[in-house]
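Below is one structure, written out as structure tokens; the observations come after it.
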Amino acid sequence: MSADYVLESRNLVKAFKGFTAVDDVNLKVTRGHIHALIGPNGAGKTTVFNLLTKFLSPTSGRILFNGQDITPMKPAAIARAGVVRSFQISAVFPQLTVLENVRVALQRKEGNSFHFWRPQRILDRLNDRAMELLTSVGLESFADARTMDLSYGRKRALEIATTLALDPELMLLDEPTQGMGHEDVGRVADLIKQVSAGRTILMVEHNLHVVSKLADRITVLQRGAILTEGDYATVSTDPRVQEAYMGTAAAAEANAQQEETA
Amino acid sequence: MKLSKLHIALLLVALVAPFVLYPVFLAKILCFALFACAFNLLLGYVGLLSFGHAAFLGTGGYITGWLMMNANLTPELAILLGTAAAGLLGALYGKLAVKREGIYFAMVTLALAQLIFFVYLQAPFTGGEDGMQGIPRGELFGLIDLSDNLTMYYFVLAVFLFGFWLINRTIHSPFGQVLKAIRENEPRAVSLGYNVNDYKWVAFMISAALAGLAGATKSLVFQLASLTDVHWHMSGEVVLMTLVGGVGTVFGPLLGAGAIVTMQNYLSGGELGNYIHIIMGAIFVICVLAFRGGLVGELQKLVKRNFG
Ligand SMILES: Nc1ncnc2c1ncn2[C@@H]1O[C@H](COP(=O)(O)OP(=O)(O)O)[C@@H](O)[C@H]1O
Ligand SMILES: [Mg+2]
């Protein structure tokens, strides 16, 4: 019997003018896994995310979610089906309060999102659930703060809380620890581990220490194509990976630093 | 919406004003204020710059005017149908426009508005260049004669208050919350599962219908519906009013409409009448360059400086 895959891509290709950013990628994400997608800058990781969530249309290839072809679906429909993504740059609603950010996500299933004649306070019944979610990411004391005033690390935590509000079957996180201090990195990594219970996570991550701690399986992307796949031990000792990715002086150094501080 | 002291004060001013100033002039300000508020719902709260809102103002005016002249309806029904016609046109135009973004959205709305301009120019029922003249005001609910200017003013005030309330309710509704999210970060709203174009479309329809309501009411005030109201100048004027008053603020469009209408009235009578477009243009440039928050923004700064 074949393994149970939540998400599969078959021969996925994205060609931009003149070059192929994603080249014949066959990705298989096993249910319940934390699956990491790694690779040097410009390898096409974000583009893969954009394709899987249909923020970009593939040049060719198919995407299967729970065995069903979702390639023709619109991005919002894919989100409603249970594949929810975050973005490489922080994606919050800066002028809304922290609580409102989470509530906007909870609101959709209430079925009143087109009700322009009703007062906003009918959304207050979602506040308890929103607070629970904020508490789960340690933001409960910031509920009424304006989101633009949060620190970068807290904004990313808020993004995770907002994504969790949809209770997605599959969460796609694009570099959730990018640009964070060590403390925040640790906190977000723990958070990802915690929220992975009962769902599947596909994440792009540059911090190899985080990858080694969290990932059940790793796919290495290079120049748009899959270089190799496997668990951390397999991938990290693969000479091709070391050459393409970890072998570069800067990456090795960064890696060493992360090991030190961990 | 909670009634603040400011709301109550303004309402009192609006109630007494026709005893000091000419009621038709005040009614004109209210009609344009409603038009600008409707426009501001799109620009200020969804971030969509329509450059074709005259189409809806004009449609409301023509349909209501025609019904008053030919269908023997009471004014409230004629206005309702004029508003609905503008809303319907908004549904059609909005469907086409919300697929575009930024400058392309503005261009699509402009093109569609020009299309309807030529339709109204050619269609026999509008009276072409002469417009539709001598529209009767009729009797409200068949009871209240609107031919008296003071009575007409209070009716317009009631219409304005309804429109103003509806816009504010929309902004502070579950729907408005999604609009804000879309304006703040559209890709994120999509990734949360919202079909953002549907939300923009509904906002567009509400805005178009209320612009139509303004036009419908205006046609009764002046007993006239003409090509001026569907001309692209009018689409530009509402942008000007909103920018001068303050985009995305509740009172900005109201203040902007008051300022522009007053100025036009004042200038068109005097020697400067010939320069009115140049003066308007200059005001526009100054506002955009120096007073980004519009009149409301400047007032807020003033209040903060002196009382804050
Ligand atoms: N919309 C686009 N148009 C053209 N080229 C793009 C576009 N998006 C990404 N690319 C290019 O595709 C390549 C892969 O980018 P990306 O997926 O962002 O890489 P990664 O996330 O792995 O760093 C890069 O060379 C990038 O410049
Ligand atoms: Mg990337």
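Quick notes on this structure:
- Sum of -39500 (n - 2.57) over DSSP H runs of 4+, divided by residues of chain B (222 nm, nearest 500): -24500 deg cm²/dmol
- With θ taken as phi - 60° and the Karplus curve 6.51 cos²θ - 1.76 cosθ + 1.60 applied, the whole-hertz 3J(HN,Hα) list for the stretch B:224-237 is 8, 10, 9, 5, 3, 6, 9, 6, 5, 3, 5, 4, x, 4 Hz, x standing for glycine and proline.
- For the stretch B:14-116, applying the loop criterion from DSSP together with a ceiling of 15 other beta carbons within 10 Å to the trypsin sites (Lys or Arg not before Pro) yields B:K99, B:R100.
- Near B:I135, the amide H atoms lying under 5 Å from its own belong to B:L224; only residues 5 or more places off or on other chains count, and H is placed 1.01 Å from N.
- Mean sequence separation of contacting Cα pairs (under 8 Å, at least six apart), scaled by the length of chain B, corresponds to a relative contact order of 33 percent.
- Measuring how big the stretch A:17-90 is from its alpha-carbon positions, Rg and Dmax come out at 12.5, 38 Å.
- Value at 222 nm in deg cm²/dmol, rounded to 500, when DSSP H runs of n ≥ 4 in chain A each add -39,500 (n - 2.57): -10000 deg cm²/dmol
- Dipole of the stretch B:18-232, positive end: most advanced residue of B:F51, B:P124, B:A85 [Cβ charges, Cα centre]: B:F51
- Our summary gives chain A a relative contact order of 26 percent, counting only alpha carbon pairs under 8 angstrom and 6 or more residues apart.
- The 3J(HN,Hα) values that the Karplus relation (6.51, -1.76, 1.60; θ = phi - 60°) gives for the stretch B:34-43 are, in residue order, 5, 4, 5, 5, 5, 5, 5, 4, 7, 6 Hz. Gly and Pro appear as x.
- Partner shielding of B:193-199 amounts to 6, given as the average count of beta-carbon atoms from other chains within 10 Å of each residue beta-carbon.
- In order along the stretch B:7-19, the Karplus-derived 3J(HN,Hα) couplings, from 6.51 cos²θ - 1.76 cosθ + 1.60 at θ = phi - 60°, round to 4, 5, 4, 5, 5, 4, 4, 5, 6, 8, 3, x, 8 Hz, and Gly and Pro are given as x.
- Remark: mean inter-chain Cβ contacts per residue of A:118-131 equal 2, using a 10 Å Cβ-Cβ cutoff to other protein chain atoms.
- B:Y266 versus A:N11: modelled label distance in nm, points set 7 Å from Cα along the beta carbon direction: 7.3 nm
- Note on A:K213: lysines with a C-alpha under 21 Å away, same-chain residues under 8 apart excluded, are A:K28, A:K45, A:K193.
- Residues with amide H under 5 Å from that of A:L7, placed H, sequence gap 5 or more: A:V29, A:N66
- Each of A:R108, A:R156 was scored by other Cβ atoms within 10 Å of its Cβ. Listed from fewest to most, they are A:R108, A:R156.
- Only Lys, Arg (+1) and Asp, Glu (-1) charged, at Cβ; the stretch B:159-308 dipole about Cα centre in debye: 500 debye
- Applying the criteria of a DSSP loop state and at most 12 other Cβ atoms within 10 Å to the chymotrypsin sites (Phe, Trp or Tyr not before Pro) of the stretch B:81-150 yields B:F141.
- Working from the Cα coordinates of the stretch B:69-125, the gyration tensor eigenvalues give, after taking √(5λ), semi-axes of 28, 15, 7 Å in decreasing order.
- For the segment A:73-82, counting C-beta atoms of other chains within 10 Å of every residue's C-beta and taking the mean gives 4.
- Cα principal axis extents for the stretch A:93-149, largest first, Å: 33, 21, 15
- Proximity of backbone amide H atoms, modeled 1.01 Å from N, is registered between A:T228 and A:V220 at under 5 Å, excluding neighbours fewer than 5 places apart on the same chain.
- Taking Lys and Arg as +1 and Asp and Glu as -1, the other residues whose beta-carbon sits under 15 Å from that of B:V244 total -1.
- Magnitude of the charge dipole for chain A, about its Cα centre and with charges confined to Cβ atoms of Lys, Arg (+1) and Asp, Glu (-1), is about 1080 debye.
- Computed extension length for B:L49-B:K301: 88.1 nm, one decimal, from 0.36 nm per residue of separation with the Cα-Cα distance subtracted.
- Relative to the Cα centre, the charge distribution of chain B, modelled as +1 at Lys and Arg Cβ and -1 at Asp and Glu Cβ, gives a dipole magnitude of about 1140 debye.
- At 1.567 mPa s and 4 °C, Stokes D of the protein assembly as shown from Kirkwood alpha-carbon radius, µm² per second: 49 µm²/s
- Mean Cα-pair separation over length for the stretch A:93-149, i.e. relative contact order, pairs under 8 Å, 6 or more apart, %: 62 percent
- Segments B:290-298, A:213-221 sorted - mean Cβ within 10 Å per residue, highest first: A:213-221, B:290-298
- Nearest 10 degrees, 0 to 90: helix A:98-107 Cα axis against chain A principal axis: 90 degrees
- Hits among lysines - C-alpha to C-alpha of B:K200 under 30 Å, sequence gap 8 or more where chains match: A:K14, A:K54, A:K74, A:K109, A:K155, B:K2, B:K28, B:K95, B:K99, B:K180, B:K218
- Span from the the stretch B:80-155 Cα centroid across to the the stretch B:33-54 one, whole angstrom: 15 Å
- For chain A, a Kirkwood radius taken over Cα pairs fed into Stokes-Einstein (25 °C, viscosity 0.890 mPa s) yields D = 127 µm²/s.
- Computed over chain B, the P(r) curve from all C-alpha pair distances, binned at 10 Å from the origin, holds 6, 27, 36, 23, 7, 1 percent per bin.
Readers should treat all values here as calculations from the given coordinates under stated rules, not as data from a laboratory. Treat the numbers as computed from the prediction; the structure is a model and nothing was measured. Neighbour counts run over all protein chains shown; Cβ positions are idealised from the backbone, glycine included.
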